[in-house]
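Student: The structure is given below, and queries will be raised subsequently.
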Amino acid sequence: MSIEFKKTVLDNGLTVIGEVNGSAHTAAVGFFVNVGTRDETPEVMGVSHFLEHMCFKGTDRRSADDVNRDFDRIGASYNAMTGQEATVYYAHVLPEHLDDAVDLLADIMRPSLRDDDFEMEKNVILEEIGMYADRPFWVAYEQAMESFFGPHTLGYRILGTHETIGGLDADAMRGYFNRRYSPDNMVVSLSGKVDFDHTVAQLNALCGAWQRTGATRDYAGGEPAQRDETHVDEKLTNHYVVAISGGPSKQDESRYPAAVLAHLLGDSDGSRLYWNLIDPGLADEAELSHQGFDRTGTFVAYASCPPGKAAEVERVLLQTLDAATEGLTDSEVERARNKIAVDLMLQNERPSGRMMALGGNWLATGEYRSLDDELRRLGAVDAAAVRELCAAHRFEVRTVVRLTPGDAPGEAGA
C-alpha cells in the first residue's frame, strides 16, 4: 500500500500533519511545540525544559500517577524532549491504542502547573543541572555555545542554571506557558497505520477550544563571535576542546552538503578526524557535527585527549577543518552519502522515526518531504557541492573553548 501525506489546520491554528501507511503495524503521534531556549529571557533561562517536566505532573483530568499508568496500560513507548527551539511530546503505540495516546498527549498539553508540584520538580531540575556539570564535554559545549552566540538566546543553557531555576517562580512559568503553548505555535505529527480524518476529528474535540496567542519568535542578533578560551578544572584527568563555527540553517538546502561534510570529516568511525587523531592514538574522541537551527546553524568540532597531547590534538583538529576540501574526491563524498543514507533509512523505517522527521521538518520549514525526497537531495551532493559549502561557511570565524586539568598549554590551538 502506498504512503500518503495529509495535512489540515484547525480553526485555532493547530496544524495536523500525517504520513499514512496502511501496511504499518504501529502508529506514532507527537505534539511539536515551537518553543525552547531560543524563546526565553535571561531571567527564566531553562523554563522550557522545566515545563516539559511539569506537563507530566498532572492535569485537571489526571494525576501524575494516572498519566504514567495510562501510558503504560496501552504499552506506549513515550517520552518528551526539549532543545534550543522545540519541545516534543510523543508516543509510539499499536494502532488500536492511538486514540488513547492522542487523548493522553492532548491532556498533558494543558497541565495543572500546581505550586507544590512546581517546587518539588524544581529540586529535580537542580539535581539534573548538577549531574550535567559532571560531564566535561557538556560543560565545554555549553561554554562554547555561550561564547559563540554571546547574549543571543541560542547560547542559553537548555537546563538553565542554578541561579535562573532557583529564582524561577510558578507564576512566571504559567505566563510563559500561556504565551508559548498556543495551538498556532504547535504541530501534531502522525505516522504509521493512522485514520487521519478520525484523528483530526478527535484532536478538534480535544484541542479545538484552545485559544491562539499569535506567539512569534524574535530573530534579532545572533552574530557569531571569534573567541579563544581556556577553563581549568583540577578534578579532570583529560583535556577537552570544542570548536564552533557557522553553518547552514534548517531552511538552507546546503544542509545536505553540510551533513556530508560533517560525516566525512568527523564521523566517529572512518572519517578524517578518526584517521588523523583517533587511529594514531592522539585522541580518545574526535568528531564534527552540523547543527541546523531556525535561520542559522553551526558546525561543532570536539576532541578529548590526555593533557600532554593537547597542543598536538588541537593543532591537528583545526588543521583538518581548515583543509576540508584539500584532496576531496567524489568517491569520498559518496562513502559519506551512503553512510548517511543508511542512517536515514534506519531512523525512518519505524513510524516513530518518520513522525519525528515529519514534525521537526514541518516546524522548521512548513514543508513536507518524503523519505525518497530526502534521499534524492542527499544523493545529489557531490564534491563540488561540498566545496561550495566550504566557500560559503568557512571554519575561520570560530570559537574555541578548552576544558583542561591545568597542566596543558593554555595557548594550544589558538
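The values are calculated or read from the model by the stated rules, or taken from the named source; none is laboratory data. Worth saying up front: this structure is predicted, and the values here are computed from it rather than measured. Glycine gets a Cβ as well: all are built from the backbone with ideal geometry, and neighbour counts include every protein chain shown.
Student: List every residue pair whose Cβ atoms lie under 8 Å apart, where the two residues are 6 or more positions apart in sequence or sit on different chains, the first residue falls within the range 67-96 and is farther than 16 Å from residue 353 by Cα, and the second residue, located anywhere, is assigned to a loop (DSSP other than H, G, I, E, B) and of a type in the set (Asp, Glu).
Tutor: Hits for this filter: 85/294.
Student: Now for a separate question. Given the criteria in contact with a helix residue (DSSP H, G or I) (Cβ under 8 Å, 6 or more places away or on another chain) and surrounded by fewer than 18 Cβ atoms within 10 Å (Cβ to Cβ), does residue 12 qualify? Please lay out each step first, then the result.
Tutor: Numbers: in contact with a helix residue (DSSP H, G or I) (Cβ under 8 Å, 6 or more places away or on another chain): yes; surrounded by fewer than 18 Cβ atoms within 10 Å (Cβ to Cβ): yes.
The answer is yes for residue 12.
Student: Residue 199: polar (S, T, N, Q), outside the structural domain of residue 26 (by TED's automatic domain parsing) and either surrounded by 15 or more Cβ atoms within 10 Å (Cβ to Cβ) or not in a strand (DSSP E or B) (or both), yes or no? Before you say what the answer is, go through the steps one by one.
Tutor: Numbers: polar (S, T, N, Q): yes; outside the structural domain of residue 26 (by TED's automatic domain parsing): no; either surrounded by 15 or more Cβ atoms within 10 Å (Cβ to Cβ) or not in a strand (DSSP E or B) (or both): yes.
Judged against the criteria, residue 199 is not a match.
Student: Of the residues 79, 68, which is surrounded by 13 or more Cβ atoms within 10 Å (Cβ to Cβ), under 26 Å from the mean Cα position of the chain (by Cα) and assigned to a helix (DSSP H, G or I)?
Tutor: None of the others qualify; the one that does is 68.
Student: Check off (1) surrounded by 22 or more Cβ atoms within 10 Å (Cβ to Cβ); (2) farther than 20 Å from residue 135 by Cα for residue 288 and give me the number that stays unchecked.
Tutor: For residue 288, the exception is condition (2).
Student: Output the residue which, of all residues in the range 127-141 that are of a type in the set (A, V, I, L, M, F, W, C) and touching a Leu at 6+ places or on another chain (Cβ under 9 Å), is nearest to residue 169 (Cα to Cα). Spell out how you get there, then give the answer.
Tutor: Within the range 127-141, the subset of a type in the set (A, V, I, L, M, F, W, C) is 129, 131, 133, 137-140.
If we keep only those that are touching a Leu at 6+ places or on another chain (Cβ under 9 Å) too, we end up with 129, 137, 139-140.
Working: 129: 17, 137: 30, 139: 26, 140: 29 Å.
Step by step, filter the range 127-141, then rank; the result is 129.
Student: I need the full set of residues from the range 204-220 which are of a type in the set (D, E, K, R) and over 17 Å from residue 178 (Cα atoms), in order please. Quick ask: steps written out before the conclusion?
Tutor: Filtering the range 204-220 for residues of a type in the set (D, E, K, R) gives 212, 217-218.
Correct list: 218 only.
Student: Of all the residues that make up the range 241-296, how many are touching a strand residue (DSSP E or B) at 6+ places or on another chain (Cβ under 7 Å) and in a strand (DSSP E or B)?
Tutor: 13
Student: May I pose another question? Enumerate the helices (runs of 4 or more DSSP H) found wholly within the range 336-410, keeping only those where 2 or more residues are within 20 Å of the chain's Cα centre (by Cα) and either of a type outside the set (Val, Ile, Thr) or within 30 Å of residue 231 (Cα to Cα) (or both).
Tutor: By residue number, 351-365, 371-379.
Student: Only one of 350, 354, 337 is surrounded by 21 or more Cβ atoms within 10 Å (Cβ to Cβ) and more than 27 Å from residue 184 (Cα to Cα); which? Reasoning before the result, please.
Tutor: Values: 350 fails: surrounded by 21 or more Cβ atoms within 10 Å (Cβ to Cβ); 354 fails: more than 27 Å from residue 184 (Cα to Cα).
After applying the criteria, what remains is 337.
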